[in-house]
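Every number in this text was worked out from the coordinates using simple rules, so none of it is lab data. Since the structure is predicted, the reported quantities are computational estimates derived from the model, not experimental observations. In this analysis, Cβ positions are derived from the backbone assuming ideal geometry, glycine residues included, and neighbour counts consider all displayed protein chains.
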Amino acid sequence: MKIKLIDIAHGRSGDKGDAANVGIIAYDNKGFEIIQKYLTAEKVKKHFTGICFGEVERYELPNLKALNFILHNTLGGGGTVSLKLDAQGKTLAAALLRMEIEV
């Protein structure tokens, strides 16, 4: 069965230089079990093909029912030097929440 992340989680995103930070927070324990098992750094990297040109790191925050992803080489140099429309990565959480995962 395929589900969209937005059906089981919400998200926040931002930046640090040229790296974007995307947090996906499950609404409940079952949702956290799903994202913990199926939402890998590799799948996030593939979802952002053409946007993320560096490594994707994944950090687990079980006490918050959340995963945090750092997407390196994503923001065109960062907010003060980038020509991208979203140089701070504010829309990346919304984009990731539209990802479908097979469970």
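Among what's in segment 1-18 and is touching a strand residue (DSSP E or B) at 6+ places or on another chain (Cβ under 6 Å) and among the small types (Gly, Ala, Ser), pick the residue that is nearest to Phe32 (Cα to Cα).
Checked segment 1-18; the qualifying residue nearest to Phe32 (Cα to Cα) is Ala9.
Give me a count of the residues in segment 34-50 that are surrounded by 12 or more Cβ atoms within 10 Å (Cβ to Cβ) and either out of contact with any strand residue (DSSP E or B) (no Cβ under 8 Å at 6 or more places or on another chain) or of a type in the set (Gly, Ala, Ser) (or both).
Matching residues across segment 34-50 total 3.
Would you say Lys4 is touching a residue at least 24 places away in the same chain (Cβ under 8 Å), closer than 15 Å to Leu97 by Cα and either in contact with a Cys (Cβ under 9 Å, 6 or more places away or on another chain) or surrounded by fewer than 16 Cβ atoms within 10 Å (Cβ to Cβ) (or both)?
Numbers: touching a residue at least 24 places away in the same chain (Cβ under 8 Å): yes; closer than 15 Å to Leu97 by Cα: yes; either in contact with a Cys (Cβ under 9 Å, 6 or more places away or on another chain) or surrounded by fewer than 16 Cβ atoms within 10 Å (Cβ to Cβ) (or both): yes.
Yes.
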